[in-house]
Amino acid sequence: MALSPKLFIHEFVTGGGWSQGELPEGLADEALAMLWALLVDFNKWGQVRTSILLDARFENQIPGLDRKTLPADEVILVEPQQHASIFADMVKRSDAVLVLAPETGGNLARLTKIVEDSGVLLLGSSSVAVLAAGDKVECFQRFQKASLPTPPVQVIDFDSAIRRAGEFHYPAIIKPQDGVGCEGVCLVNQPSEMAEALKLARKATHHDKILVQPYIKGVNASVSLLVAQDRAVPLSLNGQDIEPGRPFTYCGGIVPLAAPAAARAFEVACEAVRQVPGLQGYVGIDLVLAQDEAWLIEINPRLTTSYVGLRQVLSVNLARAIWDACRFGILPEQISITGKAVFVKRDPGSWKIE
C-alpha cells in the first residue's frame with residue numbers, strides 16, 4: 001500500500017526563521033494560530049502526512065501546545081541558526097510544501113523560490129507573484145493601470161520625510177514598502193508625529209523608502225479567495241478588528257462580514273488577483289469599505305489570519321481545497337457559509353481549533 005504524500009508545512013516565525021532574541025509581538029500569535037489550524041484541517045482530511053519545524057521558543061507558548069501535542073505527523077525542533085539548512089533538507093524529502101512567511105525582507109519569495117527550484121509541489125503562489133504582490137508600490141501601479149479603486153501613494157526617502165512633512169495631507173498613513181500585516185503601519189495626524197512614525201516604520205523594513213497615503217476612514221475588511229490557473233473564487237468577506245495608531249494594531253476579526261459593499265468587494269478583489277499572474281492557492285486581499293466603494297490596500301499572496309475564522313464556518317475543508325487548487329487546478333463548485341466566527345488574536349480559546 002502506497003504511503004500518503006508527505007506535506008511539509010513551514011511557518012517561518014514558529015519554524016525557526018526568526019532570528020534569536022525576542023519573538024515579534026503580535027506576529028507570533030497569528031503565526032501559531034494559522035499553523036495550528038492548518039495542521040488540524042489537513043489531519044481531518046487524512047490524505048497527507050504532515051511535517052513541521054518548531055522553534056523551541058514556541059514550546060508551550062500556548063499552555064499545553066508543544067512538540068507532542070501539535071497535530072503533525074512529524075515535529076522537528078530547530079534553532080534559528082539551523083533554519084536555512086534544515087528548511088532546504090525538509091523540502092528535498094517532501095512531496096509538497098506549503099510556506100507561510102512574511103513578505104518583509106523577501107523572506108516569502110526566497111523560501112518559495114527554493115521550493116520551486118526543487119521541483120516539489122508548491123501549495124501557494126509563485127515566487128514571481130510573491131515579489132510583485134509583496135511590493136506595495138508595484139501593486140499600486142498595477143491597480144492604477146487597471147483603474148481599480150486604490151488610495152494614491154507617494155514614495156519618499158526616509159531621510160527626506162521629516163523635511164517634507166509639511167507637504168502631506170493629514171491624516172496620513174505611513175507604511176513600509178514591503179511590510180506584513182500592521183507591522184510599521186502608522187497613522188499620522190500632523191507633521192509633529194512624523195518622526196515617531198518613521199522610527200517605527202524603519203524597524204519593519206530593509207527598504208530605504210517609505211510610503212505615504214491618505215487615511216481612508218471606513219470599515220477595515222479583507223476578502224479570502226482560492227486561486228487556480230488564473231481563476232479566482234471569493235470565499236468570504238471578513239471584518240478586521242484594527243486599532244489605528246502608531247503603529248496600527250491588528251486584534252482579530254469576524255467571518256463573514258455583512259456589508260452593503262460586499263458584492264463590490266468581491267468584484268474588486270477578483271480584479272486585483274488578475275493583475276498579478278502566478279497567484280495560487282489561498283490569497284487574501286485587504287480593503288477599506290467606505291462610501292459604497294471597496295478601496296484596495298494590498299494583496300497577501302499567502303495564508304492570512306482570517307483562515308482561523310473562515311475554517312469554522314465554511315462548508316468545505318479549506319486545507320483540502322488549497323491542495324486541490326494547487327495540485328489539480330480544481331476550485332470548489334459550491335461554497336456556503338454557516339454561522340459566524342469571531343476570533344481574537346491574543347485569545348487562543350476564540351480560535352476554536354480542535
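Under the simplified labelling scheme, the V137-K352 pair shows an inter-label distance of 4.3 nm, with each label point 7 Å from Cα along Cα→Cβ. On full extension, the segment bounded by E243 and V155 gains 29.3 nm, given 0.36 nm per residue less the C-alpha separation. Charges were assigned to the Cβ only: +1 to each Lys and Arg, -1 to each Asp and Glu. The resulting dipole of the stretch 101-188 about its Cα centre is roughly 200 debye. Inverting the pair-averaged 1/r between distinct Cα atoms of the stretch 29-140 gives 15.2 Å as its Kirkwood hydrodynamic radius. A Förster radius of 45 Å, combined with the Cβ-Cβ distance separating Q61 from D292, puts the computed FRET efficiency at roughly 0.60.
Report the relative contact order of the chain, percent, no decimals, based on alpha-carbon pairs under 8 angstrom and at least 6 residues apart.
17
A simple charge model with +1 on the Cβ of Lys and Arg, -1 on the Cβ of Asp and Glu and nothing else charged puts the dipole of the stretch 186-324 at about 340 debye relative to its Cα centre. Can you tell which of P80, V120, W18 lies farthest toward the positive end of the dipole of the chain, using +1 and -1 charges on the Cβ of basic and acidic side chains (Lys, Arg; Asp, Glu)? Of the candidates, V120 comes out farthest on the positive side.
Taking 16 Å as the straight-line reach from the Cα of K175, the aspartates and glutamates in range (excluding those fewer than 8 positions away in the same chain) are E103, D135, E138, D157, D159, E183, E193, E196, D208, E243, D286, E298. Over the chain, DSSP H runs of length four or greater, each weighted -39,500 (n - 2.57), average out per residue to a 222 nm ellipticity of -9000 deg cm²/dmol. Go ahead and run the numbers for FRET between R274 and R163, Cβ-Cβ distance against an R0 of 41 Å, rounding to 0.05. Efficiency computed from Cβ-Cβ geometry: 0.55. With contacts taken as Cα pairs under 8 Å and at least 6 residues apart, the stretch 168-277 reaches a relative contact order of 24 percent. Here Y170 sits with roughly 60 square angstrom of accessible surface, probe radius 1.4 Å.
Each Cα pair of the stretch 203-292 feeds into the Kirkwood radius, which the Stokes-Einstein equation turns, at 20 °C and 1.002 mPa s, into a diffusion coefficient of 148 µm²/s.
Could you identify which residue out of T69, T205, T104 has the top mean-square fluctuation in a GNM of the chain using Cα springs shorter than 10 Å? Greatest mean-square fluctuation among the candidates belongs to T69. Between A195 and N43, residue separation times 0.36 nm minus the direct Cα-Cα distance comes to 49.9 nm. Residue separation of R110 and Q82 scaled by 0.36 nm, minus their Cα-Cα distance, works out to 8.4 nm of gained length.
Taking all Cα pairs closer than 8 Å and separated by 6 or more residues, the relative contact order of the stretch 246-354 comes to 32 percent. Which whole-angstrom value gives the distance between the alpha carbon centres of the stretch 71-135 and the stretch 43-57? So the two Cα centres are separated by 14 Å.
Evaluated with a Cβ-only charge set (Lys, Arg +1; Asp, Glu -1), the chain carries a dipole of roughly 320 debye about its Cα centre, given to the nearest 20. Restricting attention to the chain, close to 75% of DSSP beta bridges with both partner residues there are antiparallel. Among 109-115, 229-235, 173-179, 83-89, the peptide with the highest mean count of other Cβ atoms within 10 Å heads the list, and the full ranking is 173-179, 109-115, 229-235, 83-89. If R0 equals 30 Å, the separation of the Cβ atoms of T338 and C251 corresponds to a calculated FRET efficiency of about 0.75.
The values are calculated or read from the model by the stated rules, or taken from the named source; none is laboratory data. In this text, all values refer to a predicted model and were calculated from it rather than measured experimentally. Cβ coordinates were reconstructed from backbone atoms using ideal geometry, including for glycine residues, and neighbour counts include every protein chain displayed. Heavy atoms of the whole protein, side chains included, go into the accessibility calculation; ligands, DNA and RNA do not. Shrake-Rupley method; radii C 1.70, N 1.55, O 1.52, S 1.80 Å.
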